[in-house]
Structures are given as structure tokens and as C-alpha cells.
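What follows is a set of notes on a single structure, which appears directly below.
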Amino acid sequence: MPASDKKLGLWTSTSLVVGNMIGAGVFLMPAAMASFGSIGLLGWVFSAIGSFFLAKVFSNMSKLLPHATGGPYAFTRSGLGDFAGFLVAWGYFLATSCANAAITISLLSALSTFFPVLGTSNLAAVITGLCAIWLLTYINTLGVVASGKLQLITTILKIVPLLLVALGGLFFLQAKNFLPFNGSGKTVYGAISATAAMTMFSFVGIEAATVPAGSVNNPEKTVPRATLLGLLIATLVYILGSVSVIGIIPLAQLQHSLTPYADAAVVIYGGNARYWVSAGVAIAAFGALNGWTLMQGQMPFAVANDKLFPPIFGWQNKRGVPYIGVLLNSVMVSCFIYMNYNKGMVEQFRFLLLLSLLCMLIPYLLSAASYLIIRAKSNVKDGWLGAILLGIAAFGYALWNIAGSGKEAVYYGFLLLMASVPFYVWISYKKSREE
């Protein structure tokens, strides 16, 4: 088999970006934002603009460092050194492990439409969740191409119901449903800031194509294109879908809906539409879980190759898969699933999820901070004004979202990151002894 056949192409890389960004949560977002009024649509626009700055930074850096596996980790390490890179890798690994647990729970919730026992029996839910986790673990040990093909299929299947509602709903819009414009009681700026912070988490995953860069065919061209194309597709789906749902369902009713896309689909296509939308939610969660499982092998692999993680994370199976990170991630996710379904530990799980959201933002912030340093090292002569403005915009957007995540998350997130310092000291000591 040619080497190129063992690597990700443009569409599989794009599906990794879209698939990781569009999770099950987007199906609930219109209801979560309904109390703000239709001003929430501007929140989507602001998040899309800010995410474009970040995506452009990732796109440009993937051209400057085309074969750097690890995405935000590799960029941060190249720009700010080993310690900053280590912090990014540490936070990213923990964050995605906890996020995968949340995605699994979303999957179980969607499947309960077809199998009600999953909503009434904790044992059935835990067993089903573990089966999904370990099935995807197995698939991801078969090689990056197998995982990539599954990602492409699930991405297409999850987008179909979203597009059917987004496009079909345009013919059922009622202007009165977009009022009030701002029903939050906040200022326009305050409402936009709040909704932009909520919608920003739907754009987490824009870096997905950069993480397995070493497994991407022609990465200096494929990764930048996949990053920007994936962002464009997701943005169109998000905004058109939100416009249709808000335009079909009155805001007072929408904010109490548990299945906004399904409710809109019933108006457009009839009663049976609820089931295929629920299937779309399940596929969205399954695809996102697959994509983030792939990330969990690639990131630690890159860090281990730089001798900042234990060498065991650099081990590969006969298909070239760094399987230790994938296996460890699945063990951690399995533990988090148990925590969620153990009533005495639900609050601990929610707290971990809150921290994971913050830890996702740290790699974005430090990657943006590294951009100009990496560009200077590459000796690029022209376009510096645009690069400076882009770096400032991306950094400012990431910092704004970190501030919006709340004081408690920032406080405990900082402690979580600093808890890794003794581990870094130990790794650095061993590395110096070997040299």
C-alpha cells in the first residue's frame, strides 16, 4: 500500500475538524440561548469571527511547521519552550478525557429515545457507554486511516439532519418568533458576551487537523485547507440551524425545549422526524467521541518523542498507532462515566467538566502567543503587519473567553495546571541525566 494511502487526506482531515467541533451539544444550543432572545445569533457570529482568527493562526503555523505532530503542543513548545508546551499537553490530555465522558453521556441520552431503558437503568447506561468507548478504542488501534474513514462517515451522517432542519426551516420562518431581540435584561454588549462564551465551546476542535499532522498526507497544504474548510462548514451549519429553529419555535417555548432541533423538524417534516433527529444526535456524539479518541493518542505521542512524557506514550503497535495514550484515555473516560452515574460523585464529575473547558482554552491562548515567535524563526520577511494583528486578535479572543469561563474555573484550573510542575521537574531531571 502506498504511503499516501496510510495517511489522512483533505476530506478525512476536514471531517476530523467538523466532527470534533459538531458534537451532540449543538442540538441543544438553541434552547440554552433562547432566554437571551434572538441576539444570541450575534453570539454565533462573534464566536465564528474569533474562531476564524484562531483557525487562521493554526493554519499559518501548520505551514511554518508542517510536520509537527501535536498541534497546539508542538506550536507552543516551538515558540515558548518545553515548559509551556508541557503545560499545554498536560491540560489538553486531561481536558479531552473528561470531555469524552460528557460526549458519551450525550450519546446515551440520544440513544434513550430508541432504548428507554438507558434513561431508567444506571447499570444499562454504564454498560452501553463502556461498550461505545472501548469499541472506538479498538477502531482507533487499527490505524489512523480506519479512524479517519469512520470520522468521515459519521460527520456526513450527523450533518444531514442538521442541514435538513437548517435549510428546510427557512421556508417556515415567522418574523414574530425573533422577538424580543434582547430579552436577557443585560446590555447588548453583555448579552453578546454571554452568548459568545456559550457558543465558543461549539468551536472547540478547530485545531483537530493539526494534532495528527505527522499522519496527514502533504500536511503543509492539507492541514491549513482542512482547518479553514472545517470551520466554514461548521459555522454555516450552526448559524443557519439556529436561525431556522428560532424562526420556527417561539422563544418562550424554545427555552423550555429539551429537543429543539427535533421540535423544529416535526413542524417541517412531520412527527416521525423526531426519530431521525435523535439518530443524528447519537451519530454526532459517536463521531465526536471517535475524533477525540484519535487526538488522545497523537498528542501524548508527540510529547513523548520530545522526552517530556514517559517513553511508554511513544510506543506504537504494528499499524503505527501510539496506542498507550488511547488506552489510558479510555480507562480515564470509563472512570468518569462511573463517576457520573454514581450519585455521590455527580458534582465531582461536573466540576471536572468545568475545568476541562478552561483547559481547552489554554492551548489556544499559548498557541496564539507563539505565532509571531515561530514566524520570526522562519525568517519570513513580508506580511508582518497582518501577522501582528492576527496574533493580537487570536490571543485577545482566547483571553476574553478564559475570563468568561468564571473566577472559580480559572482559579482551580490554574491549580490543576500547576499540579503538573513536580512531574515536569522529574521528567526534566531524567532528561538531563540521559543527556
Counting only residues in the stretch 52-80 that are open to solvent by less than 10 Å² (accessible area, probe 1.4 Å) and under 17 Å from Ile402 (Cβ atoms), the one modelled with the lowest pLDDT is identified as Pro72
Among the residues of the stretch 317-347, the number that are modelled with pLDDT of 85 or more, within 19 Å of Gly71 (Cβ to Cβ) and either surrounded by fewer than 17 Cβ atoms within 10 Å (Cβ to Cβ) or of a type in the set (Lys, Arg) (or both) is 0
A careful count of residues in the stretch 81-122 that are open to solvent by 30 Å² or more (accessible area, probe 1.4 Å), not in a helix (DSSP H, G or I) and not aromatic (Phe, Trp, Tyr) gives 4
Answer yes if at least one residue in the stretch 17-26 is open to solvent by 30 Å² or more (accessible area, probe 1.4 Å), over 30 Å from Ile248 (Cα atoms) and in contact (Cβ under 8 Å) with a residue 12 or more places away in the chain, and no otherwise. no
A careful count of residues in the stretch 138-153 that are within 18 Å of the chain's Cα centre (by Cα) and buried (at least 22 other Cβ atoms within 10 Å of the Cβ) gives 5
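If you check Phe83 against the conditions, is it of a type in the set (A, V, I, L, M, F, W, C) and modelled with pLDDT of 90 or more? Step through it out loud before you land on a result.
Values: of a type in the set (A, V, I, L, M, F, W, C): yes; modelled with pLDDT of 90 or more: yes.
Yes.
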The lone condition Phe201 fails out of (1) open to solvent by 50 Å² or more (accessible area, probe 1.4 Å); (2) in contact with a His (Cβ under 7 Å, 6 or more places away or on another chain) is (2)
Of (1) of a type outside the set (Asp, Glu); (2) open to solvent by 20 Å² or more (accessible area, probe 1.4 Å); (3) in a helix (DSSP H, G or I); (4) closer than 29 Å to Ile248 by Cα, Trp134 satisfies every one except (4)
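The values are calculated or read from the model by the stated rules, or taken from the named source; none is laboratory data. Keep in mind that what you see is a predicted model, and the values were worked out from it rather than measured. Don't worry about glycine lacking a Cβ; one is built from the backbone with ideal geometry, like all the others, and counts go over all protein chains shown. To get the accessible areas, we keep the full protein, side chains included, count just its heavy atoms, and leave off ligands, DNA and RNA. Shrake-Rupley method; radii C 1.70, N 1.55, O 1.52, S 1.80 Å.
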